[in-house]
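In what follows, a single structure is set out as C-alpha cells and then discussed.
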Amino acid sequence: MTAADSTNDTAPDEAPDRTHTEALRGRVAVVTGAGSGIGRALALRFAAAGARVAAADIELDAAERVAAETGGSAFRVDVSSLASVEQLAAGVEAALGPVDVLASNAGVASTAPLERMTDADWSWLLGVNLYGAVHTIGAFLPQLRRTRGRILVTGSMAGLAPDPGMGGYGVTKFALTAYTEVLAAELEPDGIGVTLLAPGPVRTRLGSSSRNRADDAPGAGLVDVDLSAGDGGGLPWHDPRDVADVAVEALLVGRRYAITHPEWAHLVTARHRAIESAFDFER
C-alpha cells in the first residue's frame, strides 16, 4: 500500500538532515497529489531544501494550503486528463520556469476482488495510477530535457510483490513499475535520473480515494477501506515525512528504487525465485 493522501498532516522539521538536498536550492519542483500525505511531505521537504514548489492536486483547496506552507504555487490538476496535465505543465513553466524535479505522486486505491471489478473501476484505477504518470511525465519531459532534471514516481510495494488484498490497485502498480523501469533505461543516456518510490504501509487517506472519483457508475465493485485500521501485515506504519526523507535521498543520489520497508524484501525475493525456477524446469 502507498498513498498520495494522509491523515497525519503535522509539520515536518524545518529541514531534512540530508547532505544532498543543497542541490535543490533554487530549483523548480513539481509534486502531483501534493494536497496531503506523501505528496505534501515531499513538497515540504523540497521547500525546506530551498526549492520553488508547485503543489498540484485534484483538490485545489488542499493544494493551496500546501502552497501556503511552502511559499510556493498551487495548481489544480486531474492527472487522468492529458489536457489538464498539459495545462499544468504550461502553467508551472510560466509561473516558475522549467521544472528541475518532477514527483509524479498522485494515486488512488479502493479495493475489491478482481472478479467484482467493473470496467468503470478499471478505467478509474488505470486512468489515475498508470495514465496519470504517463500524462504527467510526458507533459513535463520537454522541460526536464532542458534542465537535465530528475523524476520521482510513487509506486508501491504492491507493484513489486502481489498483494491479493489490493487487487486492481496492485495490477496498476505493477504496470507503473514496468513503465518506470523502462523510462529510467531510456532516459539514462540523456542524464535524466528516474527513481521509483515503493512504500509499504503509510497511514493515509488513500483508502477513501473514491471521494475524487468523477464517474458514478452504478454497481461499481470497488469500495473504500480504512487503511489506518489495518495492521500493515505486521510491519510498522510509517509517517509520510519519513517516506519523503527516503524518497528525496534516493532521488538526489540517483538510486533506481526507494524502499521504505526493507522487512518486505523476502516477498520480492520469493517472487523472483519462483520465476527463476520456471526457467530451470525440465520437460
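Using amide H atoms built in the peptide plane, which far-off residues or other-chain residues are under 5 Å from Y257 H to H?
L196
Using the Karplus curve 6.51 cos²θ - 1.76 cosθ + 1.60 with θ = phi - 60°, what ³J(HN,Hα) values do you get for each residue of region 90-97, in whole Hz, with x for Gly and Pro?
Karplus values, whole Hz, x for Gly and Pro: 5, x, 5, 5, 5, 7, 10, x.
Provide the gained length on full extension for the span E186 to A270, in nm with one decimal, where the gain is 0.36 nm per separating residue minus the Cα-Cα distance.
Computed gain between E186 and A270 is 27.4 nm.
Taking other Cβ within 10 Å of each residue's Cβ, how do S73, S104, S123, S110 sort, fewest first?
Arranged by neighbour count, lowest to highest, S73, S104, S123, S110 become S123, S73, S110, S104.
Which trypsin sites (Lys or Arg not before Pro) does region 113-196 hold that lie in a coil by DSSP with at most 16 other beta carbons within 10 Å?
When the trypsin sites (Lys or Arg not before Pro) of region 113-196 are filtered for loop state and at most 16 Cβ neighbours within 10 Å, R148 remain.
Provide the gained length on full extension for the span E86 to T147, in nm with one decimal, where the gain is 0.36 nm per separating residue minus the Cα-Cα distance.
Gain on extension, E86 to T147, equals 20.2 nm.
Can you give the FRET efficiency for A95 and S123, using 1/(1 + (r/R0)^6), R0 = 41 Å, r = Cβ-Cβ distance, to the nearest 0.05?
Efficiency at R0 = 41 Å is approximately 0.80.
Explain nothing, just compute: Karplus ³J(HN,Hα) = 6.51 cos²θ - 1.76 cosθ + 1.60, θ = phi - 60°, for every residue of region 109-116 in order, whole Hz, x for Gly and Pro.
7, 10, 9, 5, x, 4, 5, 8
If you plug each phi of region 270-279 into the Karplus form 6.51 cos²θ - 1.76 cosθ + 1.60 with θ = phi - 60°, what whole-Hz ³J(HN,Hα) values come out, in order, with x for Gly and Pro?
Per residue, the Karplus-derived 3J(HN,Hα) values read 5, 5, 5, 5, 5, 5, 4, 5, 5, 6 Hz.
Measuring from centroid to centroid over Cα atoms, what is the spacing of region 47-70 and region 72-90 in Å?
About 13 Å separates the Cα centre of region 47-70 from the one of region 72-90.
Arrange the following residues from fewest to most other Cβ atoms within 10 Å of their Cβ: D245, D61, D239, D280.
D280, D61, D239, D245
Between R255 and L60, how many nm apart are label points set 7 Å from Cα along the C-beta direction?
3.8
A short reminder: the numbers here are calculations on the coordinates, not readings from a lab. These figures come from a predicted structure and were not determined experimentally. Note: ideal-geometry Cβ built from the backbone for every residue, glycine included; neighbour counts use all protein chains shown.
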